Structure formats: C-alpha cells, structure tokens
1. For the pair Thr206 and Phe31, how long in nm is the line joining their label points, each one 7 Å along Cα→Cβ?
2. Compare Glu167, Glu259, Glu65 in a GNM of the chain, Cα atoms joined below 10 Å, and give the one with the largest fluctuation.
3. Taking 7 Å along the Cα-to-C-beta vector as the label spot, tell me the Thr24-Ile100 distance in nanometres, rounded to one decimal.
4. For region 167-231, what D do you get in µm² per second when you plug the Kirkwood radius from alpha-carbon pairs into Stokes-Einstein at 37 °C and 0.692 mPa s?
5. What number, rounded to the nearest 500 deg cm²/dmol, is the helix-based mean residue ellipticity at 222 nm of the chain, given -39500 (n - 2.57) per DSSP H run of at least four residues and division by all its residues?
6. Which label marks the calculated value of Cα extents along the principal axes in Å, given the options [x] 62, 49, 32; [y] 116, 73, 36; [z] 67, 46, 40?
7. For the Cα atoms of the chain, what angle does the longest principal axis make with the long axis of helix 182-202, in degrees from 0 to 90, nearest 10?
8. How big is the charge dipole of the chain about its Cα centre, in debye rounded to the nearest 20, if each Lys and Arg gets +1 on its Cβ and each Asp and Glu gets -1 on its Cβ?
Amino acid sequence: MNNAPSIDHAVGKPKAGKGMNWKTKRKLFIFVFTVPTLLFFCLFMIYPIIQGLYISLFDWSGGSETKSFIGFDNYKEMLNDPILGHAIYNDYFLVFWKVIGIVGLGVFFAVALTRFRMKGSGFFRQVFFIPNILSVVVIGVLWNYIYNPSIGFLNSFLSLFTEKKVEISYLGDEAYAMWSLLPPAIWAGVGFVMILLIASILSIPTELYEAGNLDGATQWQQFVRITMPLTWEQIKVSILWVVMTTLNGSFVIVWIMTEGGPDNATQVMGSYLYQMGFRQYHMGYASAIGALILILSLITTLALQRIMRRDTYEMS
C-alpha cells in the first residue's frame with residue numbers, strides 16, 4: 001500500500017475557489033482608488049457645473065422657492081452689460097501682467113539661485129516661498145495697510161523724497177487701483193514658480209553647461225540654448241497655472257482689497273458674479289457669468305497649450 005503524498009499535494013498546488021487571483025486583486029485595487037475619487041469629482045465638480053448651467057436659464061433670487069424660466073435671456077443680457085465687458089478686460093489684464101511678473105521673476109530668481117551660485121541661496125528660497133504659505137486674505141489685508149493713504153508704508157516711504165507728504169489713494173483712485181492689485185498678486189505667486197524651476201534646473205546634467213563653457217558660450221547663450229529648452233515643460237505648466245488661477249481665483253484678492261471699486265474699476269468676473277448673486281440676489285445672471293468664466297477658461301487654456309506646443313527635450 002503506497003502512503004506517499006501525491007505530486008500535486010507535494011508541490012502545494014493551489015486549491016480552486018480559495019482566495020482571489022491577481023487579476024481580481026488588480027481590478028479591486030483600481031476600483032477602490034478610482035471610484036471614490038470619481039464620485040467626489042462628480043459630486044463637487046460636475047454636479048455644480050450642471051446645476052449652475054441649469055440655474056442660468058431661470059430668473060431666480062437664490063432664496064425664493066419659485067423660479068421663472070427665461071431661457072437664454074441672462075446670456076442675452078450679458079451682451080449689453082458694460083460692467084461685465086470691463087470685468088473681462090480686467091481679468092485678462094491681470095492674466096497678462098501676472099504671467100510676465102510671476103513667471104518672469106520666477107525664472108530669473110531660479111536661474112540666479114542655481115546658475116550664479118549666490119551666497120545664502122537656501123535663505124532666499126525660503127524668503128521667496130513664504131507668501132505661498134500665507135492665506136490670500138492675509139496678503140490682501142497686509143497690502144491694504146501698505147497702500148493706506150494716511151499711515152501706509154508706501155506713502156510714508158515716498159514722503160521721504162518729497163517736501164510735501166504723499167497721500168495717494170492707490171485703491172481709491174481709478175487710475176491706480178487696477179495696477180495696485182498686481183504687486184500683491186505677483187508677490188504671492190513668484191515663490192511657487194521659482195521652486196518648481198529650481199528643481200528642474202538642478203536636474204539638468206552639469207556636463208551640458210561645462211560643454212557650453214568650453215565652446216565659449218555666454219551665460220545668456222547657455223540660458224537660451226540649454227536651460228530654456230530643458231525646463232520648457234515646467235515653464236509651460238507655470239504659465240497655465242497662473243492663467244487658470246487668475247481667471248478662476250482673482251476674485252479673492254480683488255474682493256478683499258477693493259470689492260470691485262472704485263466705481264467698478266477693478267471688477268473681475270468672479271467678483272461681479274459674487275456681487276450679482278449674493279449682493280443683488282440675481283442668482284440666474286450670476287450663474288450665467290459662471291458659465292462664461294468656465295467657457296473663457298477652457299478656450300484660453302486650450303489656445304495657450306496649442307501656442308506653447310514645441311518639441312520636448314529628454315535628458316538621458
């Protein structure tokens with residue numbers, strides 16, 4: 001009688017029906033990490049967009065139980081709204097100058113702290129990044145004090161060079177108000193772009209710069225032919241980040257500092273939306289403005305991606 005164990009038992013052949021195979025585990029892993037995220041995205045992104053588009057077709061105060069269906073009348077009203085046209089202009093005014101200021105200064109400081117071997121570069125990185133950890137509300141309040149016509153730092157500093165005390169109302173004068181929003185907005189964003197580009201520049205092999213030095217290339221030529229091409233993807237991401245955050249998020253700094261004034265001179269689409277929806281209780285029209293912000297953001301982003309498309313350089 002043979003009592004030897006079978007070959008299948010000896011090699012430990014898995015028994016059918018026990019446990020899950022790797023394909024099932026893989027599908028479960030994907031489900032667990034994808035479906036909750038998708039649900040949150042639909043709940044907090046897709047649903048509000050659809051609901052906003054739906055409300056834009058009604059005349060509704062935002063608090064009443066009844067809504068009057070008016071079709072596309074809110075969108076027709078936008079065509080004849082001079083304040084909205086000025087708000088769109090202000091948004092793109094901020095986009096243009098913030099891209100130049102934030103990305104331009106971010107590139108400059110990143111190159112200066114990496115390629116020029118400045119002393120105390122770690123200290124400067126921390127100093128430039130501090131505004132990024134501050135709330136936009138804090139930044140707005142801080143710069144309100146700086147611009148204060150009576151006790152503000154800026155007027156006090158300028159008064160040192162004049163016989164008469166300077167009392168310019170930067171946020172209360174239409175000629176200065178919009179330009180006065182740029183310094184705090186640029187100051188708040190430079191640090192992020194600088195850190196992003198520093199990481200990208202430090203990943204470039206030093207052999208490329210050494211070869212450039214041997215060929216007699218100047219610092220500017222090395223920047224144009226080595227640094228720029230190899231960091232272009234990060235620069236492009238920075239530009240798109242500035243554009244999207246400005247079109248969708250400039251409302252906060254504007255509302256904290258000027259509330260769209262004086263006389264709607266600093267009104268942007270976000271602040272005008274808030275004013276129409278929560279100050280004048282014209283929620284249908286505010287939702288239509290929100291739809292316009294979405295459309296302009298998509299068009300601007302897609303256009304910039306096409307314009308900035310170029311060959312990608314890979315480092316081996």
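Derivation of every value follows stated rules applied to the coordinates shown; laboratory data play no part. Keep in mind it's a predicted model, so treat the numbers as computed, not measured. Every residue, glycine as well, gets a Cβ built from its backbone with ideal geometry; the counts of neighbours run over all protein chains shown.
1. It works out to 5.3 nm between the two label points.
2. In the Gaussian network model the winner is Glu65.
3. With each label placed 7 Å out from Cα toward Cβ, I get 6.4 nm.
4. Reported coefficient: 221 µm²/s.
5. Helix-only estimate at 222 nm: -19000 deg cm²/dmol.
6. [y]
7. 30
8. Here the size comes out at about 1620 debye.
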